[in-house]
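Okay, structure first, notes after.
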Amino acid sequence: MISSSRKRFFIALLPPEEVRVRANQVKAVMRDRYASKAAFRSPPHITLLAPFEWPVAELPELASTLSDFAASQPPVPITLEGFGAFKPHVIYINVVKSDRLMTIQPDLLAYLEDRVGLVSERDRNRSFIPHLTVAFRDLKPNMFRQAWSVFQHQEIHFDFTVGQLTLLIHSGQMWTVKESYEFANPSV
């Protein structure tokens with residue numbers, strides 16, 4: 001049980017509305033045909049820093065640090081192309097690994113460790129595989145096989161640019177946006 005003085009957070013890039021709508025349509029198919037609804041507990045996103053606990057009293061310091069980091073970063077161009085999977089439970093919309101995307105995640109981890117002492121052993125010790133999850137955890141292996149046989153061949157494609165870093169908070173039931181921090185304006 002997490003004490004009330006600490007909350008769970010994660011940091012992500014959120015796609016624009018049209019992509020969120022399409023991702024939620026895919027999540028609905030996963031729920032209705034394959035009995036996987038856990039992905040609805042958060043808005044469609046690309047995780048940069050996996051869930052962590054943070055003291056509520058120190059939230060202003062974390063927010064200020066995220067704001068400073070974002071202000072020093074250019075917007076992030078994103079391409080979504082097709083579907084991928086982490087067998088036997090996760091199906092996701094594949095995020096193409098661009099140089100910009102693959103740089104921002106380790107830069108964010110280093111910045112947070114340096115500025116506020118936030119260390120994610122989980123993220124530090126595994127490779128960053130950007131993805132937008134549409135089914136996970138509660139997707140049973142037999143349903144995974146059925147769903148993957150359909151989705152591995154489906155086409156989906158979006159190109160967009162993310163203009164902010166987003167901090168999400170866990171309510172006890174689901175993840176919601178706590179605050180977003182604007183990236184530097186490239187035209188300035």
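Annotations for the structure displayed:
- Mean separation of Cα contacts under 8 Å, 6 or more apart, over the residue count of the range 34-112: relative contact order %: 28
- Rounded if a/c under 1.5, otherwise prolate or oblate - the range 109-170, Cα gyration tensor axes: prolate
- Centre-to-centre, using Cα atoms only, the range 4-23 and the range 65-82 are separated by 14 Å.
- Among Glu81, Glu155, the order of accessible area from largest down is Glu155, Glu81, computed with a 1.4 Å probe on protein heavy atoms.
- Simple spin-label estimate for Glu18 and Asp99 gives 2.7 nm between the two label positions (7 Å along the Cα-to-Cβ direction from each Cα).
- For the range 67-113: relative contact order, % (alpha-carbon pairs under 8 angstrom, 6 or more apart): 34
- Tensor-based shape of the range 1-75 (alpha-carbon gyration tensor, a/c under 1.5 rounded, otherwise prolate or oblate): oblate
- A probe of 1.4 angstrom, applied to the heavy atoms of all protein chains, finds Thr47 with accessible area near 40 square angstrom.
- Label point 7 Å beyond Cα of Asp107 along Cβ direction - residues of the range 143-173 with amide nitrogen under 17 Å: 161-166
- The range 39-126: C-alpha gyration tensor shape, a/c 1.5 cut-off, then a/b vs b/c: prolate
- Relative contact order for the chain: 35 percent, from Cα pairs under 8 Å spaced at least 6 residues apart, divided by residue count.
- The label-point distance for Thr176 and His157, in a model that sets each label 7 Å from Cα toward Cβ, rounds to 3.8 nm.
- For the chain: accessible area per residue (Å², 1.4 Å): 52
- Near-label residues of the range 77-120 by backbone N, under 13 Å of a point 7 Å along Cα→Cβ of Ser127: 97
- For the chain, modelled as a GNM whose springs connect Cα atoms under 10 angstrom apart, the maximal fluctuation among Pro75, Pro44, Pro60 occurs at Pro60.
- The chain, accessible surface, carbon-and-sulfur percent (1.4 angstrom probe): 50
- Förster-model FRET efficiency, 41 Å R0, Phe86 and Glu61, C-beta, rounded to 0.05: 0.75
The values are calculated or read from the model by the stated rules, or taken from the named source; none is laboratory data. Because the structure is a prediction, the values reported are computed rather than measured. All Cβ positions, even for glycine, are placed from backbone atoms using ideal geometry, and neighbour counts span all protein chains on display. Keep in mind that these areas ignore ligands, DNA and RNA; they rest on the heavy atoms of the full protein, side chains included. Shrake-Rupley method; radii C 1.70, N 1.55, O 1.52, S 1.80 Å.
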